[in-house]
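Written out below as structure tokens is the structure these notes cover.
Each reported figure results from applying straightforward, stated rules to the coordinates on display, with no laboratory input. What you are looking at is a predicted structure, and each value in this text was computed from that prediction instead of being measured. No Cβ is skipped: glycine too gets one built from the backbone with ideal geometry, and neighbour counts run over all protein chains shown.
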Amino acid sequence: MKLTVVGCSPAWPNPGRAHSGYLVDGSGTLLLECGTGVLSKLRLREGWPQVDSIVISHWHLDHWGDIVPWVWGSMFGLGKGSERPELWIPPGGTEELARFGALAGTPTMFTQAFRLAEYEEGVPFTTAAGPTITATRVLHYTMDAFALRITEDGTTLAFSGDSAPTDALAEVARDADLFLCEATLADDDPDNDPRGHLTVEEAVAAFTASGAKRLLLTHRPQELAVGDGLEVAQEGLELDL
């Protein structure tokens, strides 16, 4: 399994950078998240992205916003005629996308561009890209949001999605080869009530409790430093797991 960081900005983009998007290559190609700016970054690699599956953790735009321009490119641009990738979305997502499509004037826009599938909390699903994924509900303000455990051929990538501190993160990342974990907040940032994100210290605590082999912090504002010895995701970073 190979991980490529396409975008890793927090909800406000780092200068010149994309929001969340991570390619996971194994027997096929999985795109984990498709936030704003991700499609343009993918098009620097090839004229139109060729992925087997896309998985979205929750409905904040920095995690799925470029699904919309992906639709237009599939209908009218270089993606026209390409095979539709799977799009795995949170429970109830098919109805949510239909509602959004109606607001945009094209109710069937998402089904024209993607093969929609909803995952269920705690129920493993196998993607066309190859990996088997289990979604676990985490704490992210008052919305439904999920951390993802991605496994193929004995290799496991754990992804926090966006989450406040919760014991669920350590279970998602239990003994994983890599824990890709958000660390959005400064130490003294009050966030919100209920909370939605982690500090670096909270991310490290979840990693330590999990027994995962390696931690890669992501979703980090570039203006916030991290401690020595900690790895932070950068666009273009490639890791073989």
Report summary line: Check: C-alpha center the stretch 93-132 vs C-alpha center the stretch 142-193, spacing in Å is 22 Å
Query raised in the report: Any idea what diffusion coefficient the stretch 1-123 gets from Stokes-Einstein, in µm²/s, Kirkwood Rh on alpha carbon pairs, 37 °C, 0.692 mPa s?
Result: 226 µm²/s
Report summary line: Taking Lys and Arg as +1 and Asp and Glu as -1, residues besides residue 164 with C-beta under 11 Å from its C-beta add up to -4
**Report entry** Highest-fluctuation residue, 220, 45, 137 considered, GNM on the chain with Cα pairs under 10 Å
**Finding:** 45
Requested in this report: Kindly put 125, 159, 207, 114 in sequence by how many other C-beta atoms sit within 10 Å of each C-beta, fewest to most.
Outcome: 125, 114, 207, 159
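What's the extension gain from residue 167 to residue 230 if we count 0.36 nm per residue and subtract their Cα-Cα distance?
On the way: separation 63, 0.36 × 63 = 22.68 nm, distance 2.13 nm.
Contour length minus the Cα-Cα distance gives 20.5 nm.
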Report summary line: Compactness check, the stretch 2-240: C-alpha Rg relative to the 2.2 N^0.38 Å globular estimate gives 0.95
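Cut-off is 10 Å between beta-carbons; in what order do 8, 181 appear when sorted fewest neighbours first?
Listing 8, 181 from fewest to most nearby Cβ atoms yields 8, 181.
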Requested in this report: Return the percentage of antiparallel bridges among DSSP beta bridges fully within the chain, rounded to the nearest 5 %.
Outcome: 60 percent
Query - Cβ-based exposure ranking for 146, 100, 110, in which fewest neighbours within 10 Å come first - result: 100, 110, 146
Report task. Please report the Cα spread of the stretch 1-67 along all three principal axes, rounded to whole Å, starting with the longest. Result -> 33, 24, 19
Query raised in the report: So, in nm, how far is label residue 188 from label residue 82 when the simple model puts each one 7 Å beyond its Cα toward the Cβ?
Result: 4.6 nm
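Only helical DSSP H runs with n ≥ 4 go in: add -39500 (n - 2.57) per run for the chain, normalise by residue count and round the 222 nm mean residue ellipticity to 500 deg cm²/dmol.
Calculated mean residue ellipticity at 222 nm is -5500 deg cm²/dmol.
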**Report entry** Relative contact order (%) - the chain, alpha-carbon pairs under 8 angstrom, separation at least six
**Finding:** 18 percent
Query raised in the report: Mind listing which GluC sites (Glu not before Pro) in the stretch 58-124 are in a DSSP loop and have 13 or fewer other Cβ atoms within 10 Å?
Result: 83, 120
Requested in this report: At a temperature of 37 °C and a viscosity of 0.692 mPa s, determine how fast the stretch 53-164 diffuses translationally according to Stokes-Einstein, using the Kirkwood radius over alpha-carbon pairs as Rh; express D in µm²/s, rounded to the nearest whole number.
Outcome: 222 µm²/s
Report summary line: Residue span residue 103 to residue 115: 0.36 nm per residue of separation minus Cα-Cα distance leaves a gain in nm of 2.3 nm
Requested in this report: For residue 240 and residue 27, compute 0.36 nm times the residue count separating them, minus their Cα-Cα distance, and round to one decimal in nm.
Outcome: 75.3 nm
Query raised in the report: So how long is each side of the stretch 201-240 along the principal axes, counting just the alpha-carbon atoms, biggest first, in Å?
Result: 27, 26, 17
Report summary line: For the stretch 89-96, in residue order, the Karplus 3J(HN,Hα) values (coefficients 6.51, -1.76, 1.60; θ = phi - 60°; whole Hz; Gly and Pro = x) are 10, x, x, x, x, 4, 5, 4
